[in-house]
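Reviewing the structure listed below.
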Amino acid sequence: MKVLVVEDDPRISDVLEYALKADGYEVQTAQRGREAAEIARRSSPGLIVLDVGLPDIDGFEVCRIVRTFSDVPVIFLTSRADEIDRVVGLEIGGDDYVVKPFSPRELLARIKAILRRNHRPAKPPAEDPTESQLRYGPITIDPEKFRIHCQGREIVLTAQEFKLLELLVRHPGRVFTREQVLNRAWGEGGLVTDRTIDVHVKSLRRKFGNFEFIETVRGIGYRAREL
Ligand code: CA
């Protein structure tokens with residue numbers, strides 16, 4: 001597995017390179033943004049660790065360029081609160097971030113978590129029609145029949161709650177901002193506010209009673225906890 005480390009501070013870059021190599025990764029490094037985008041295009045790394053503050057174009061711009069040709073996971077390194085806000089806004093297309101100063105061990109843990117997530121492909125339902133059901137802990141979702149069971153009882157959801165539930169449990173551990181929930185579970189049209197989503201989340205929580213699986217990530221959004 002090849003990791004591209006983009007960081008203009010040689011002290012940080014060296015430490016990361018050392019830690020990643022010790023963990024068995026192949027490492028490429030870049031100090032500047034344009035160079036990094038070029039390397040990403042040429043050598044298709046399996047993951048990119050991307051500093052936001054770079055001497056030429058910033059990490060956000062690099063990520064935007066990379067996204068035009070690749071879905072490679074990107075972990076941002078950030079040092080300022082305003083950068084963090086933009087990263088967690090995730091319109092940039094990053095997968096995760098760590099805040100400086102951080103330990104190499106923390107970064108390695110994030111890398112492993114992302115690679116685990118990406119290497120667990122959802123089983124395509126077409127393979128076996130009887131397996132089109134989606135399971136998450138005690139919840140069974142049948143997207144075709146629009147039915148949900150939890151701990152032996154059927155749960156009746158509105159269409160919107162159904163979409164919200166499906167979005168969250170198809171991606172356990174992944175945080176969705178309210179904006180992403182809107183885009184992916186509501187689609188176009190309709191007058192929907194952040195508050196609407198909060199209300200639906202509250203209703204879902206109530207309907208699933210003591211199986212508590214929706215976590216609020218303060219200031220960001222919601223996720224289904226990893227079971
Ligand atoms: Ca920097």
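Has the stretch 52-59 got any residue that is closer than 23 Å to Gln180 by Cα, within 12 Å of the ligand (Cβ to nearest atom) and not assigned by TED's automatic domain parsing to the domain that holds Phe176? Can you show your working first?
Of all residues in the stretch 52-59, those closer than 23 Å to Gln180 by Cα come to 52, 59.
Next cut, within 12 Å of the ligand (Cβ to nearest atom) only: 52, 59.
Subset that is not assigned by TED's automatic domain parsing to the domain that holds Phe176: 52, 59.
There is at least one residue in the stretch 52-59 that is closer than 23 Å to Gln180 by Cα, within 12 Å of the ligand (Cβ to nearest atom) and not assigned by TED's automatic domain parsing to the domain that holds Phe176.
Looking at Ala19, Ala113, which one is farther than 30 Å from Gly219 by Cα and among the hydrophobic types (A, V, I, L, M, F, W, C)?
Ala19
Conditions first: (1) crowded, with 19+ Cβ neighbours inside 10 Å; (2) assigned to a loop (DSSP other than H, G, I, E, B); (3) not β-branched (Val, Ile, Thr). Asp8 passes all but one, so which condition is the exception?
It fails just one condition, (1).
Report, ordered by the first and then the second residue, all pairs with beta carbons closer than 6 Å, sequence separation of six or more or different chains, a first member in the stretch 39-68 that is under 19 Å from Leu16 (Cα atoms), and a second member that is away from the ligand (no atom under 16 Å from the Cβ) and of a type in the set (Lys, Arg).
Within 6 Å, the pairs are Pro45/Lys2; Gly46/Lys2.
Hey, could you check the stretch 60-84 for residues that are open to solvent by 10 Å² or more (accessible area, probe 1.4 Å) and β-branched (Val, Ile, Thr) and say which is farthest from the ligand (Cβ to nearest atom)?
Checking each candidate, the answer is Thr68.
Tally time: how many residues in the stretch 33-59 are part of a loop (DSSP other than H, G, I, E, B) and open to solvent by less than 10 Å² (accessible area, probe 1.4 Å)? Break it down stepwise before answering.
Start the filter on the stretch 33-59 by keeping residues that are part of a loop (DSSP other than H, G, I, E, B), which leaves 44-46, 52-58.
From the residues that got through so far, the ones that are open to solvent by less than 10 Å² (accessible area, probe 1.4 Å) too are 52.
Within the stretch 33-59, residues that are part of a loop (DSSP other than H, G, I, E, B) and open to solvent by less than 10 Å² (accessible area, probe 1.4 Å) number 1.
Hey, can you tell me all the residues within the stretch 1-19 that are away from the ligand (no atom under 13 Å from the Cβ) and within 23 Å of Arg64 (Cα to Cα)? Walk me through it before giving the result.
Quick first cut of the stretch 1-19, residues away from the ligand (no atom under 13 Å from the Cβ) only: 1-4, 14-15, 17-19.
Within the stretch 1-19, Met1, Lys2, Val3, Leu4 meet the criteria.
Hey, can you tell me all the residues within the stretch 146-163 that are under 13 Å from Lys207 (Cβ atoms) and surrounded by 14 or more Cβ atoms within 10 Å (Cβ to Cβ)?
Of the stretch 146-163, the ones under 13 Å from Lys207 (Cβ atoms) are 148-151, 153-158, 160-162.
Within the stretch 146-163, Ile148, His149, Cys150, Ile155, Leu157, Gln160, Glu161, Phe162 meet the criteria.
Having 3 or more residues that are charged (D, E, K, R) is the bar; report the helices (runs of 4 or more DSSP H) wholly within the stretch 132-227 that clear it. Can you show your working first?
Values: elements: 159-169, 178-181, 194-208.
Counting at least 3 such residues, we get 159-169, 194-208.
Can we say Ala22 is more than 12 Å from Leu54 (Cα to Cα), away from the ligand (no atom under 12 Å from the Cβ) and out of contact with any strand residue (DSSP E or B) (no Cβ under 7 Å at 6 or more places or on another chain)?
Here the answer is yes, as Ala22 does meet what is asked.
Which condition does Arg170 not pass, out of (1) more than 17 Å from Ile141 (Cα to Cα); (2) open to solvent by 80 Å² or more (accessible area, probe 1.4 Å), if it passes all the others?
(1)
The values are calculated or read from the model by the stated rules, or taken from the named source; none is laboratory data. Predicted, not measured: the structure shown is a model, and the values here were computed from it. Quick reminder, even Gly has a Cβ in these numbers, built from the backbone with ideal geometry, and neighbours come from all protein chains shown. Protein only, heavy atoms only, side chains kept; ligands, DNA and RNA dropped before computing areas. Shrake-Rupley method; radii C 1.70, N 1.55, O 1.52, S 1.80 Å.
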